[in-house]
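A quick write-up on the structure given underneath.
Nothing in this text is a laboratory measurement; each read-out follows from the coordinates by a stated rule. Predicted model, so just to flag it, every value in this text is computed and none were measured. All Cβ positions, even for glycine, are placed from backbone atoms using ideal geometry, and neighbour counts span all protein chains on display.
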């Protein structure tokens with residue numbers, strides 16, 4: 001059996017559930033990545049800071065980083081390859097980040113492409129809208145945050161500016177080149193993903 005014949009590139013769409021307007025990323029990853037690798041790609045491409053717990057939900061099973069101090073039945077994510085859980089185009093899995101805020105994402109396998117050794121992997125093809133700031137209270141909190149953020153007369157506007165530490169957050173901003181620079185750094189041997 002020719003191992004290289006089994007290698008392919010997955011085009012995944014990462015959508016933040018409930019976001020209006022939609023917030024999403026389209027990324028290319030090798031099908032050999034583990035769920036742990038995908039977690040890192042999601043964090044970087046969406047703009048999260050990996051400050052909270054996370055889990056993948058696949059066919060009613062939970063995958064993540066088992067925590068002995070918690071009574072959760074979580075299987076180790078580093079032992080599961082994408083090719084074993086995403087087999088056909090249109091297959092979907094769920095990813096949840098920050099159990100307090102409950103950021104749920106739908107990961108859809110859009111295309112299975114031939115492996116190309118010249119293609120930078122992982123790679124963000126495109127995306128839409130900025131990632132919500134950490135700890136704003138989930139989708140509902142983010143809607144309230146945007147309302148106050150966009151209105152300098154809103155009673156909470158000044159406090160949000162102090163909390164954010166700057167006033168340059170733009171909910172419409174998405175910089176694919178910046179994401180790809182971070183993904184390339186993460187994928188390099190110096191970046192820790194060898």
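Hey, what angle do you get for helix 138-149 against the long axis of the chain, alpha-carbon based, 0 to 90 degrees rounded to 10? For helix 138-149, the angle is close to 40 degrees. Counting 0.36 nm for each residue step from residue 52 to residue 70 and taking away their Cα separation leaves a gain of 5.0 nm. Between residue 126 and residue 84, the modelled labels are 3.4 nm apart [label points 7 Å from Cα along Cα→Cβ].
Annotation for residue 168 and residue 59: the two label points, set 7 Å from Cα along the Cα-Cβ direction, are 4.7 nm apart. Working ranking of peptides 177-188, 102-113 by packing, defined as the average number of other Cβ atoms within 10 Å per residue, highest first, is 102-113, 177-188.
Rounded is the label for region 130-173, because a/c, from the alpha-carbon gyration tensor with a ≥ b ≥ c as root eigenvalues, stays below 1.5.
In degrees from 0 to 90, rounded to the nearest 10, what is the angle of the helix 176-187 Cα long axis to the longest principal axis of the chain? Value to nearest ten degrees: 50. Helix 35-46 and the longest principal axis of the Cα set of the chain meet at an angle near 40°. With R₀ fixed at 30 Å, the C-beta to C-beta distance from residue 146 to residue 185 puts the FRET efficiency at about 0.50. Overall form of the chain: prolate. Here a/c, set by the Cα gyration tensor axes a ≥ b ≥ c, is 1.5 or more, and a/b is the larger of a/b and b/c.
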